[in-house]
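This report concerns only the one structure given below.
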Amino acid sequence: MSRPLSRFTCHNLKDYSFVKPYLSQLTYCLPFNSQNYSIETGSPAHVGPHSGAIDFLLPPNTPVLAALEGLVIEVIDQYSIPFFLRIKGSYWPTRLFRSRMNYITLHHHSQQTDEFTFYAHLKKHSTQFKVGDQVKSGELLGYTGWSGWMDKPHLHFVIYTEKVKQFTNQTHESLTPRWQNQS
Ligand SMILES: [Zn+2]
């Protein structure tokens, strides 16, 4: 069955202009609870509205946590990458799998601003949430897994602005996270 592709994930990048990421107004926790991670930069997928994205290299099946309390506005969790394509650590490093990606988007509303967090490459059927659910900060959203365009296990995490959701101004903005305990 087909579904509408996420505007944030799969729109035509050429049609839009971009603003360099600036610091988020809201303050976020790390979206996992592990000391055993690193950050990889330079992904070819981190362009345009994803330019503020962070790839956290994490083992598969790492719990993914809500970085802030919010409302679930998108849930896709039906996809997996066939096992034979992920042997030898080479999963499916092609954009052909871009639309076969599991992800959750949360809406964080405050009086000052609306921001959104996007958690991608989740494991198939690993979330208990559906659109419209309210989640608490630190609550378990799902698990890292194999879905979408990826060549190693990681969590792709982005914060973006209302403009992405509303698809206005032909401008997509991602934000650099302001982390808790960061001055
Ligand atoms: Zn990424």
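Odds and ends about this structure:
- Single residue of SER126, SER137 found to be part of a loop (DSSP other than H, G, I, E, B), at pLDDT 95 or above and closer than 19 Å to SER24 by Cβ: SER137
- If you filter region 31-46 down to residues that are surrounded by fewer than 16 Cβ atoms within 10 Å (Cβ to Cβ) and more than 16 Å from MET150 (Cβ to Cβ), you find that the one that is modelled with the highest pLDDT is ASN33.
To keep it simple, each residue is scored yes or no on (1) among the charged types (D, E, K, R); (2) without any contact (Cβ under 8 Å) to a residue 40 or more places away in the chain.
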| residue | (1), (2) |
| --- | --- |
| GLN35 | no, yes |
| GLY42 | no, yes |
| GLY52 | no, no |
| THR62 | no, no |
| LEU65 | no, no |
| GLU69 | yes, no |
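The values are calculated or read from the model by the stated rules, or taken from the named source; none is laboratory data. Note that this is a predicted model, so its numbers are computed, not measured. Here the Cβ is made from the backbone with ideal geometry for all residues, glycine too, and neighbour counts use every protein chain on show.
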